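What follows is a single structure, written as structure tokens, with notes after it.
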Amino acid sequence: MPAEPPSPASGRLDDDDYPAYTMGRAAEMIGATPGFLRAVGEARLITPLRSEGGHRRYSRYQLRIAARVRELVDSGTPIEAACRIVILEDQLEEALRLNEELRGPAAGR
């Protein structure tokens, strides 16, 4: 018997940007409360997609960001500052990546 082709939904679950998790499940996964996720959203660090019914849905990428904020908050950093730190870390990582990319061919000379 031939194998069935994978359903379109199963491919999306491998996508880090696919909003697969409800607010309750997302909060449980990162050890936070729904209120914490709302606060991170209000700080505009992450913007969850909304289902047709208006419920927030989070991707794995967004959960990694929220988990990093939670680590900082747990160590005593105010949530607004934690969100700013995560933004700056992301910008630094991107700048370093671009710098390496631009230096790549020149470094071999």
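Just a few scattered comments:
- Straightening the chain between TYR61 and LEU96 buys 10.6 nm, computed as 0.36 nm per residue apart minus the Cα-Cα spacing.
- For the peptides 46-54, 80-88, 61-69, residues were scored by their other Cβ atoms within 10 Å and the scores averaged per peptide; the highest-first order is 61-69, 80-88, 46-54.
Since every read-out is calculated from the coordinates, none of them should be taken as a lab result. Bear in mind the structure is a predicted one, so any value in this text is a computation, not a measurement. Glycine gets a Cβ as well: all are built from the backbone with ideal geometry, and neighbour counts include every protein chain shown.
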